[in-house]
Amino acid sequence: MAEPVVDPVTLGGAPAPRVVELVRSTYRVMARRGSHRLSLQDVADEAGVSKGLLLYHFKSKDNLLLATMRWALQRTAERIRRGTADAPDARAALRSLVDAVFVNPQLNRDFHLFYLDLVEHAARVEAYQELHELLRTVINDLYAETIRQGVAEGVFDVVDVEHAARVMRAQIEGTFLQWMQEDDWKGTHARYRDECHDALVRILGA
């Protein structure tokens, strides 16, 4: 049985600044090196702390990586919510959502290198199985909110909102996967963002 995840980032109220910095350091190291080559010592060196402090807070490398994924997803969700909060209608909310997801080339590249690595782990390692549910409840549900708004306003032609949210996520993640293979990934970022938005408009029947 997988070890229960200890996550000081989301449990017990607001995390201490030290814990957040450890998670940030993990994110930076993993974006550079990937999870296969990442060690707790790498993170400790990045954060300027001892490896023992990481184990004190997170108990294991698996817990640390999952806590870092939660933190990264929470940041993405908060950015989307801020971007869509003042949208006057669902069409504008969809545009704002895409702009919030495609925040900038370097941040998007770092996140998806990290994300793809953990998705691969989740398919192979039992300790990471909860990642699938985490993604569904954070990302799919967030997309579904915008879709429901459009359905209620009569601007999205959607019968099954949950299915449409899965298709929306597939379109966004597929766009990022192709964009990351571009030699000029910085220069093509805006084009892929706009193409993704246009594809979502068609998918949602707007």
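Taken together, the values in this text are just the output of simple stated rules run on the coordinates, not laboratory data. In this text the structure is predicted, and so the values were computed from the model without any measurement. Every residue, glycine as well, gets a Cβ built from its backbone with ideal geometry; the counts of neighbours run over all protein chains shown.
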State the extension gain, in nm to one decimal, for the chain segment bounded by R18 and A206, taking 0.36 nm per residue of separation less the distance between their alpha-carbons.
63.1 nm
Measuring from its Cα centre, region 17-203 shows a charge dipole (+1 at each Lys and Arg Cβ, -1 at each Asp and Glu Cβ) which, in debye to the nearest 20, is 620
Read-out volume of the Cα convex hull per residue in Å³, derived from the coordinates shown; its label in (1) 107; (2) 132; (3) 146
(2)
How far is the Cα center of region 68-144 from the Cα center of region 154-194, in Å?
12
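Evaluate E = 1/(1 + (r/R0)^6) for D89 and S50, where r is the Cβ-Cβ distance and R0 equals 41 Å; express this FRET efficiency to the nearest 0.05. Kindly include the intermediate steps, with their values, before the conclusion.
Working: r = 52 Å, r/R0 = 1.28.
My answer for the efficiency is 0.20.
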Of the candidates V29, G83, Y143, the farthest towards the positive dipole end of the chain (Lys/Arg Cβ +1, Asp/Glu Cβ -1, centred on the Cα centre) is V29
Most mobile listed residue (S50, S25, S96) in the chain, GNM with C-alpha springs under 10 Å:
S50
Give me the angle, in degrees from 0 to 90, between the Cα long axis of helix 161-179 and the longest principal axis of the Cα atoms of the chain, rounded to the nearest 10.
70
Unit charges at the beta carbon, dipole of region 75-180: most positive-side option, L107, A93, A170:
L107
Hey, rough spin-label estimate for R82 and A170, points 7 angstrom out along Cα→Cβ, what's it come to in nanometres?
3.2
Per DSSP H run of at least 4 residues, take -39500 (n - 2.57); add these up for the chain, divide by its residues and hand me the 222 nm value, nearest 500 deg cm²/dmol.
-22500 deg cm²/dmol
For helix 105-124, what angle does its Cα long axis make with the longest principal axis of the chain, in degrees from 0 to 90 and rounded to 10?
70
With angles folded into 0 to 90 degrees, how steeply does helix 141-153 sit against the dominant principal axis of the chain? Use alpha carbons for both and round to 10.
20
Looking at L38, Q129, S50, which one has the Cα that reaches farthest to the positive end of the dipole of the chain (charges on Cβ: Lys, Arg +1; Asp, Glu -1)?
S50
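Please arrange T68, T175, T188 by counting, for each residue, the other beta carbons lying within 10 Å of its beta carbon, fewest first. Numbers along the way, then the final one.
Numbers: T68 26, T175 20, T188 15.
Neighbour counts put them in this order, fewest first: T188, T175, T68.
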If you stretched the chain out fully between D110 and A190, how much longer would it get, using 0.36 nm times the residue separation minus the C-alpha to C-alpha distance?
27.1 nm
